[in-house]
Amino acid sequence: MKKNVWLSISSTQQFADCDEEQIDLVTAAVLYERGGKYYIAYDESELTGLEGTRTTLKLDGKTVSLIRTGAYPSHMLFAEDERHVGLYQTPVGEGVAIATHTSHIRNTVGEKGGELVIDYTVEVDNSVMGEHHFEMYVTTEPIDGAV
């Protein structure tokens, strides 16, 4: 199974001593299933600051891998109530080791679409740097404002 889908993504970030930052994005993607797991792949845009990067989400129940290839490669793992360390490539070219601690995952994505919600914190050098809330809706129907 492989099908074209639409994504509506809303990401909220709150860093210490900074105003809350929100990014809303609607984009085309590909949804496919392999080995009982669902995958969603899409190209990042200028809006996210990661132009030239392809993001693939591997969805396995309450475990989500985010794999970026291209201009800003990175790999992050989200598993409810777990902490994981990954490498994040910054737009200025430096690789930074960061840890994510996932407090909540809701994943209802299947062959007809669904929803993915992740709440997590980001740590650098064992210090919490920010809190994140990520929501993605996957649908086979076009979404207003899609690129």
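Give the residue that is farthest from residue 36 (Cα to Cα), with candidates limited to residues of region 123-146 that are open to solvent by 30 Å² or more (accessible area, probe 1.4 Å) and among the small types (Gly, Ala, Ser). Applying the filter and picking the extreme gives 127. Restricting attention to region 31-54, the residues that are at pLDDT 95 or above and hydroxyl-bearing (Ser, Thr, Tyr) add up to 4. For region 7-64, the set of residues classified as in contact (Cβ under 8 Å) with a residue 60 or more places away in the chain, under 13 Å from the mean Cα position of the chain (by Cα) and either within 22 Å of residue 129 (Cβ to Cβ) or surrounded by fewer than 16 Cβ atoms within 10 Å (Cβ to Cβ) (or both) consists of 9, 10, 11, 12, 13, listed by residue number.
Anything in region 102-122 that is in a strand (DSSP E or B) and either surrounded by 17 or more Cβ atoms within 10 Å (Cβ to Cβ) or among the polar types (S, T, N, Q) (or both)? List them, or say none. Within region 102-122, 102, 103, 105, 107, 113, 114, 116, 118, 119, 120, 121, 122 meet the criteria. Conditions first: (1) out of contact with any Phe, Trp or Tyr (no Cβ under 8 Å at 6 or more places or on another chain); (2) closer than 19 Å to residue 119 by Cα; (3) open to solvent by 40 Å² or more (accessible area, probe 1.4 Å). Residue 86 passes all but one, so which condition is the exception? The failed condition is (3).
So which residues in region 66-80 are of a type in the set (A, V, I, L, M) and in a strand (DSSP E or B), if there are any at all?
Kept after step one, since they are of a type in the set (A, V, I, L, M), are these residues of region 66-80: 66-67, 71, 76-77, 79.
Answer for region 66-80, where residues must be of a type in the set (A, V, I, L, M) and in a strand (DSSP E or B): 66, 67, 76, 77, 79.
Would region 16-24 turn up any residue that is under 25 Å from residue 99 (Cα atoms), in contact with a helix residue (DSSP H, G or I) (Cβ under 9 Å, 6 or more places away or on another chain) and of a type in the set (A, V, I, L, M)? Looking through region 16-24, at least one residue is under 25 Å from residue 99 (Cα atoms), in contact with a helix residue (DSSP H, G or I) (Cβ under 9 Å, 6 or more places away or on another chain) and of a type in the set (A, V, I, L, M).
Residues that are assigned to a strand (DSSP E or B), of a type in the set (Ser, Thr, Tyr), within 24 Å of residue 125 (Cβ to Cβ) and modelled with pLDDT under 95 occur at least once in region 84-92.
The values are calculated or read from the model by the stated rules, or taken from the named source; none is laboratory data. Everything quoted here is computed from the prediction, not taken from an experiment. Backbone-built Cβ (ideal geometry, glycine too); neighbour counts: all protein chains shown. The accessibility values were calculated without ligands, DNA or RNA, using every heavy atom of the protein model including side chains. Shrake-Rupley method; radii C 1.70, N 1.55, O 1.52, S 1.80 Å.
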